[in-house]
Structures are given as C-alpha cells and as structure tokens.
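The values are calculated or read from the model by the stated rules, or taken from the named source; none is laboratory data. Here the structure is a predicted model, which means the values were calculated and not measured. When we count neighbours, we look across all protein chains shown, and the Cβ atoms used for this are built from the backbone with ideal geometry, even at glycine. Accessible surface areas use protein heavy atoms only, side chains included; no ligands, DNA or RNA. Shrake-Rupley method; radii C 1.70, N 1.55, O 1.52, S 1.80 Å.
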Amino acid sequence: NDLREIFVARRAGRWQGGYKTGKRIGIKTRIQEKAKGISAVESRAWQKRELPTEKDYAISLLVDLSGSMRGGKIRETFKAIIVLAEVLNRLSIPTEILGFNDRLYEYQTFGEDLNRDIRENMGGVIREVDAASRGEDGHSSSQTDTGWATKIASDRLAKRRASEKFLLTLSDGLPEESPDHSGPEFDLSRVVSHIMQETDQKLIGLGIGDGTQHVERFYPNSLANIDIEEMAEKLAGVIKEMIENYRKF
C-alpha cells in the first residue's frame, strides 16, 4: 500500500508556478504581484501541472544458497523473498529472483507473472541449502561464488529496458570461489567495480546475520548484520527506499 501511494502521487503530479498562462492561478503569488504594481498582463502567477516523474524499474534479487544459510537464515530469507515477489508482482514491476552457491538457480525470471508454479518453485531455495549443507549432488557446503553469480545476474539485468535497475544480493558470508569460477574475472570487488563503471545498475548488498559487515566493503549501498527475524521487514524497507528515493543510490 505504501508503494502504491508513491506511484499514485507521482502520476498525479504537482502544480508549478511562474507562467503567464496556465490551468489555475496562484492566489498568494498574484496578491504579492498586485502589491508590487504588476499588471494582470505581466503576471506570472499562473500554474501548470508538472508532468509525472514516473519511473520504470527492473529488480534482480540474488540469494545465497550455500550450506551456511541452513536453518533459520534460509527460512527467514525465504519469507522475505516471497514478500518481495508478491508486492512487486502486484505493482507490475519486472522482477527476477535467482539463487546461487556454485550453481545458479532460476526461481522467477523477468517477464514471468507470479503464478502457482513459480510460487511452488521458490520452495526450492530451502531444499538447495539443505542439499548444499549435506554436500549432496556434488555440492560443497562452503562454496559461495558471489562474484560469478553477480556477473551473471548483472548481464541478465542489463538486457532489460528500464530507467532504474537494481541488483540486490542477500548473503551471510564472504565470497568463497569454487574451482569452476575461480578466475580473476569473478573476483567480487572487480565485478562490482565493473558494474558500477560500465552499467547503469545500482547494487545493494544485504548481510544476513551477525558478522556480515564485509558487505560494506564490497557494495556501494549495503545493510549489514541483519537480524534473521527481521529479514522481511528490512528487505521491505530497502525496496520502499529504492522506489521512493532512487536518486540516493
């Protein structure tokens, strides 16, 4: 509801004065003009409605599914991404939700409506973390290929035609590259620097749990040491800030 109010206010626009003609007159301005002897012909007290400053958005959410996310961390993170997906879907904001460890998982891609199949598929975030923590299917519980996954997510986001593009990463640990993604091109600092310099994307890092202040080192916008019980609330706050004050990022 908060986000919808922001969009409605933007569409309504505001009245701007200083015109010789317009849809309505600024009474206070005209009174001041008359006191100065400015004639009606010379008056600039007329007002026109500003054009709406509506923005179109594309939002990519990249979720850490390494073994260290098991338990309460992934359960609360799962709730948070469900909240995010439902809200953005209702507002028709293109959204992509990806998970990663040493692999990449698609849960919702750009252009997909949030239907029953996608909702059920999102339950896979918990299953993947459990599998990674047990080392099943060739997983290593410690592998967190954040640089590699960020590069892929950024490349996908770059294909969207939107004026405001946001890439949010949710993780509880430092990047720990797997043998398959250990090249210098996947170094997270280098990947982030390239995105900031070469694209119009805005990056945000969210550190899940205590001891995640490292996100401040990697991301230009970050929120560290998030209490896992507050994940949904914190993520909702970040999304609102992105929509309402996009110029700050």
**OP:** Kindly work out what percent of the DSSP beta bridges joining two residues of the chain are antiparallel, to the nearest 5.
**Re:** 30 percent
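What's the magnitude of the charge dipole for the range 73-185 around its Cα centre, counting Lys and Arg as +1 and Asp and Glu as -1 at the beta-carbon? Answer in Debye, nearest 20. Don't jump to the answer; show the numbers that get you there.
Details: 15 positive and 21 negative charges, 105 e Å.
Computed charge dipole of the range 73-185: roughly 500 debye.
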**OP:** Percent of Cα-Cα pairs per 5 Å bin, from 0 to the last occupied bin, for the chain, please list those.
**Re:** 1, 6, 12, 15, 17, 13, 9, 5, 4, 4, 4, 4, 3, 2, 1, 0, 0
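Round to the nearest 0.05 the FRET efficiency obtained for GLU198 and VAL41 when R0 = 41 Å and r is the Cβ-Cβ distance.
On the way: r = 54 Å, r/R0 = 1.31.
For GLU198 and VAL41, the calculated efficiency is 0.15.
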Original post:
Carbon and sulfur together cover what percent of the accessible area of the chain at a 1.4 Å probe radius?
Top reply: 46 percent
**OP:** Normalising by the residue count of the chain, find the relative contact order in percent from Cα pairs under 8 Å and 6+ residues apart.
**Re:** 19 percent
**OP:** Using label points projected 7 Å from each Cα along Cα→Cβ, tell me how many nm separate TYR19 and ARG217, to one decimal.
**Re:** 5.5 nm
Subject >> Sequence ranges 165-174, 61-70, ranked by mean other-Cβ count within 10 angstrom, highest first >> reply: 61-70, 165-174
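Please give the calculated 222 nm ellipticity per residue for the chain, where each DSSP H segment of at least 4 residues contributes -39500 (n - 2.57) and the sum is spread over every residue; nearest 500 deg cm²/dmol? Don't skip to the end; give the middle numbers.
Working: 9 runs with 99 residues, N = 249.
Rounded to the nearest 500, it is -12000 deg cm²/dmol.
How big is the C-alpha Rg of the range 110-249 next to the rule-of-thumb value 2.2 N^0.38 Å, as a ratio? Can you show the working numbers first?
Numbers: Rg = 15.8 Å, N = 140, 2.2 N^0.38 = 14.4 Å.
That ratio works out to 1.10.
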Original post:
How much area per residue is accessible in the chain when the probe is 1.4 Å and only protein heavy atoms are counted (Å²)?
Top reply: 53 Å²
**OP:** Can you give me the three principal axis dimensions of the range 103-177 from its C-alpha atoms, in Å, biggest first?
**Re:** 40, 30, 19
